1. Given 494, 458, which one is surrounded by 20 or more Cβ atoms within 10 Å (Cβ to Cβ) and under 30 Å from residue 526 (Cα atoms)?
2. I'd like the residue in region 382-403 that is over 20 Å from residue 194 (Cβ atoms) and in contact with a helix residue (DSSP H, G or I) (Cβ under 9 Å, 6 or more places away or on another chain) and, out of all such residues, is surrounded by the most Cβ atoms within 10 Å (Cβ to Cβ).
3. Taking the condition of being surrounded by fewer than 16 Cβ atoms within 10 Å (Cβ to Cβ) and in contact with a helix residue (DSSP H, G or I) (Cβ under 8 Å, 6 or more places away or on another chain), how many residues in region 531-544 meet it?
4. Inside region 453-500, can you point out the residues that are in a loop (DSSP other than H, G, I, E, B) and free of Cβ contacts under 8 Å to residues at least 40 places away in the same chain?
5. Could you list all residues from region 200-238 that are part of a helix (DSSP H, G or I), at positive phi and touching a helix residue (DSSP H, G or I) at 6+ places or on another chain (Cβ under 6 Å)?
6. Check 244, 262, 220, 256 and return the single one that is free of Cβ contacts under 8 Å to residues at least 40 places away in the same chain and either touching a strand residue (DSSP E or B) at 6+ places or on another chain (Cβ under 7 Å) or over 30 Å from residue 126 (Cα atoms) (or both).
7. Filter region 227-241 for residues that are surrounded by fewer than 18 Cβ atoms within 10 Å (Cβ to Cβ) and more than 21 Å from residue 127 (Cβ to Cβ) and give the result.
8. Being touching a helix residue (DSSP H, G or I) at 6+ places or on another chain (Cβ under 7 Å) and either farther than 23 Å from residue 110 by Cβ or surrounded by fewer than 17 Cβ atoms within 10 Å (Cβ to Cβ) (or both) is the filter here; which residues of region 247-268 pass it?
């Protein structure tokens, strides 16, 4: 564009009265300008719409430079950052000590505010609740810049120090409630606060954490996207300030190309990607199996990349996972997959390679909006559902399209919609209590007579089952503490089973003889059922490779393996943790404790720290090599993860890699994982 054209466009934009339209036109203008230096009028226009980070300091007039300096703040990194107008307004309110609920678009830049607040106020103890393990790791890595001042905790049973930043999904936060109450909480942040609206167990756990910790925290900051109104008196919300902002920093270009057949849809996706080969593309699908099938189809349309990194990654996946996994072939062609059940080290590496432009297309499920914080120039909505359920609502749709475009990278995000979109409607934050809330939350609930009748019926069932008032009181107190994962229906089921069990049966769970695990079989319900032969094979996870396990399991799809592993480490371990806590009350005189068995389930019968190291980015295959060489005490269950990470820092990345090379155990792509792992654990 010529300077005259730019000047005339700026003049027209200055005349627009609607602030949102004026901001959108400014963003579109910035996308068109290909000059390395903005004219002063462009900087002034950017100032007018509040997008201060987009201003070019060197080409600004002196008065605009003063403004940039006023909105520049230290967020704990080498260089300070400039906040936009609305970020600055929110930060100001938080610095003043206000409790806030913020509803803002995905592209708003909420993490800058958190980092700036921590750096400015320097609170002693901070708790950040995130919806997934993936976001937990990403947040930990971002906050690692504070690691000299703070002990950053993301794992269970970590050491607590004088100044701590806890980053957890809600299930992990429950285990720290008592410890946090003991040391005090200065700042309580809940990301994706709207998830309390769901009816599943995860939402119930989130409500429990908020219910118990909102009362003790000196300051609260809850975040959610695209919420219109809040009609809620729980958790002291009526005393918090609600701020709704519709301040976008990128412009979304929506392109509807509705397809009625799968074949047409697949071909259209292939065409879109072919036309955007050098650009970043995100494809949203509704379930993992669809992601795998689409990856297979798209891979057939591209030749292998010349990238040595991707070639080595393909070989690594084939050797360490499954030769027919669609990800192995597709990644060599610049296409990857992201969904919740894939091992964290793989999803972390996929996101890293995508953000570094090694991979140009990522196919993902709802993990796009709750498990990964990334954006792309092009977003393709392949499906309008979440999982196999009904079409998603307008709220979810807006969350998904918010992943298109990115500050400083893509001024305009292109959204291709291949299935019908939901009608425009407001999303209000309002909650109807369920029966479990009565038993588990520290809140005065407004409950209906029908709900009260249900609660009384459950209490009667517990009394009739246990027949000991003192024990019933202890059980209800335990449930109220938040330490029970199961819903009340399952609690009653467990108690009924316990009453008719010989407690000595629990002792056999301490052995490796699965044939003697009568107590395990006894508690199997349809919800928690697992094939015993499969469990016996999974017990060999530390001694066998994943390809060997898959062969022995006789499954032809790696997704089935991920689902089986997930069932053991999450579902069954949580279930038997509840059984253990309840049996301690029922069989109090016998002094039985099956915590070791629960820990073995949650660690997949491997050394306890192996899966924790995976959260930090180190695959179990590399941990096993290190353990076999006795380089580090990975198989020592007595040390904490904090101590083990200190051992890693002491040995140093270079020495570790050299030792693996000397033993001829280092695969070419192993070093990529080791580099990524060390990047996330070093004290800044």
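1. None of the other options fit; the residue is 494.
2. For region 382-403, the residue satisfying everything is 382.
3. Residues that pass the stated criteria total 4.
4. Within region 453-500, 467, 468, 500 qualify.
5. 235
6. On inspection, the qualifying residue turns out to be 262.
7. Within region 227-241, 228, 229, 231, 233, 238 meet the criteria.
8. If the condition is that a residue be touching a helix residue (DSSP H, G or I) at 6+ places or on another chain (Cβ under 7 Å) and either farther than 23 Å from residue 110 by Cβ or surrounded by fewer than 17 Cβ atoms within 10 Å (Cβ to Cβ) (or both), then 257, 259, 266 are the ones that fit.
The values are calculated or read from the model by the stated rules, or taken from the named source; none is laboratory data. Being a predicted model, the structure only gives us computed values, none of them experimental. Positions of Cβ are generated from backbone atoms using ideal geometry, with glycine treated the same way; all protein chains shown enter the neighbour counts.
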